[in-house]
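Q: Shown below is the structure under consideration.
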Amino acid sequence: MISRKVNNVKEALEGIQDGQTIMLGGFGLCGIPENSIAELVRKNVTNLTCISNNAGVDDFGLGLLLQKRQIKKMISSYVGENAEFERQMLSGELDVELTPQGTLAEKCRAAQAGIPAFFTPAGFGTEVAEGKETREFNGKMHVMELAYKADFSIVKAWKGDEAGNLIFKGTARNFNACMAGAAKITIAEVEELVPAGTLNPNEIHIPGIMVNRIFQGEKFEKRIEQRTVRQK
């Protein structure tokens with residue numbers, strides 16, 4: 001069985017260069033590849049195009065890359081809780097492509113499946129459809145969307161094995177599942193890495209064939225984006 005294990009995050013991110021397009025899994029701060037983002041900051045790669053649901057918060061997640069001006073373009077579904085993201089977008093410092101959330105997910109899944117394009121009714125009649133082909137299906141207008149083309153996809157999983165099989169936990173599955181295998185090279189960061197054959201095949205969410213490199217992260221903060229408590 002082919003082993004996709006690498007020793008650490010530094011080895012996992014080898015080959016990432018300035019100007020590349022990178023998919024990053026997660027939703028807000030849930031299920032984000034924390035170790036990989038920290039390594040991107042350390043590598044100081046610049047002019048990146050990042051495809052992610054949003055950009056974390058100001059001092060964590062992709063917000064760390066925004067602080068250092070390492071991201072040239074964000075492809076996201078919303079600005080979220082990141083004030084610096086909002087500031088850079090409104091000032092024109094950052095190129096932002098806002099995409100309906102379901103469309104963003106499907107553009108990732110289409111790339112994963114090798115489907116070059118698809119039609120969706122989402123966004124017809126709005127700025128989202130400008131410059132795109134439209135077509136009527138069953139009496140309803142649809143917009144043609146192209147699958148994403150990314151150099152690297154970096155996902156976070158709860159558990160994985162050395163063959164690259166992945167298991168996500170709860171809502172941390174989010175965009176990680178559709179981004180795995182959706183780029184030229186997929187890197188998986190896991191909390192627990194076990195020998196091949198250890199995982200129950202019926203519990204595997206992403207097969208190892210979708211993953212090129214896998215490593216066990218050293219530290220996960222798992223911050224809570226919005227803490228809500230009941231009044232006493």
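Q: For ALA83 and THR228 in one chain, what is 0.36 nm times their gap in residues minus the Cα-Cα distance, to one decimal in nm?
A: 50.2 nm
Q: Over the chain, one equal point on each Cα, no solvent: what is log10 I(q)/I(0) by the Debye formula at q = 0.12, 0.15 Å⁻¹?
A: Listed by q, the Debye log ratios stand at -0.66, -0.99.
Q: Also: Sorted by accessible area (1.4 Å probe), largest first, how do MET1, MET144, MET74 line up?
A: These residues rank, largest area first, as MET1, MET144, MET74.
Q: At a 1.4 Å probe radius, carbon and sulfur cover how many percent of the accessible area of region 119-200?
A: 50
Q: A 26 angstrom limit on the alpha carbon distance is what I want to check against. Which of LYS43/LYS169; LYS5/LYS68; LYS43/LYS72 exceed it? Write down the numbers at each step before the final one.
A: Values: LYS43/LYS169 29 Å; LYS5/LYS68 30 Å; LYS43/LYS72 16 Å.
In this structure, LYS43/LYS169; LYS5/LYS68 exceed 26 Å between Cα atoms.
Q: Next question, about the same structure. With a 1.4 Å probe and every protein chain left in place, tell me how much accessible area ARG69 has, in Å² to the nearest 10.
A: Estimated to the nearest 10 Å², ARG69 gives 120 Å².
Q: Estimate the FRET efficiency between THR126 and GLN67 by the formula 1/(1 + (r/R0)^6), using the beta-carbon distance for r and 45 Å for R0, to the nearest 0.05.
A: On the way: r = 31 Å, r/R0 = 0.70.
E between THR126 and GLN67, to the nearest 0.05, is 0.90.
Q: Any idea how far apart GLU192 and MET141 come out in nm if each label point goes 7 Å out from Cα toward Cβ?
A: Placing both labels 7 Å beyond Cα along the Cβ direction yields 5.2 nm.
Q: Compute the length gained on full extension between ALA117 and LEU90: take 0.36 nm times their separation in residues and subtract their Cα-Cα distance, giving the result in nm to one decimal.
A: Full extension of this stretch gives 6.7 nm more.
Q: Here is a follow-up. Given a 1.4 angstrom probe, what's the average accessible area per residue across the chain, in square angstrom?
A: Dividing the accessible area of the chain by its residue count gives 50 Å².
Q: Cα centroid distance between region 121-147 and region 154-232, in Å?
A: One Cα centre to the other: 33 Å.
Q: Next question. What 222 nm value per residue comes from the helices of the chain, counting each DSSP H run with n ≥ 4 as -39,500 (n - 2.57) and dividing by all residues, nearest 500 deg cm²/dmol?
A: -5500 deg cm²/dmol
Q: Pop a pseudo-label 7 angstrom from the Cα along the beta-carbon direction at both ASN7 and ASN44 and give the gap in nm to one decimal.
A: My value for the distance between the label points is 2.4 nm.
Q: For region 171-182, just list the computed ³J(HN,Hα) in residue order, Karplus coefficients 6.51, -1.76 and 1.60, θ = phi - 60°, integers in Hz, with x standing in for Gly and Pro.
A: 6, 5, 5, 3, 7, 4, 5, 7, 8, 5, x, 9
Q: Give the Debye-formula value of log10 I(q)/I(0) at each listed q (0.11, 0.16, 0.26 Å⁻¹), with one equal scatterer per alpha carbon of region 29-121, two decimals each.
A: Evaluating at q = 0.11, 0.16, 0.26 Å⁻¹ gives log10 I(q)/I(0) of -0.32, -0.67, -1.35.
Q: How far apart, in nanometres, would the label points at LYS219 and GLN17 be if each is projected 7 angstrom from Cα along the Cα-to-Cβ direction?
A: 3.1
The values are calculated or read from the model by the stated rules, or taken from the named source; none is laboratory data. A quick note: this is a predicted structure, and the numbers were derived from the prediction, not measured. Reconstructed Cβ throughout: ideal geometry from the backbone, glycine too, with neighbour counts over all protein chains shown. Note: accessible area is taken over every heavy atom of the protein model, side chains too, but ligands, DNA and RNA are not part of it. Shrake-Rupley method; radii C 1.70, N 1.55, O 1.52, S 1.80 Å.
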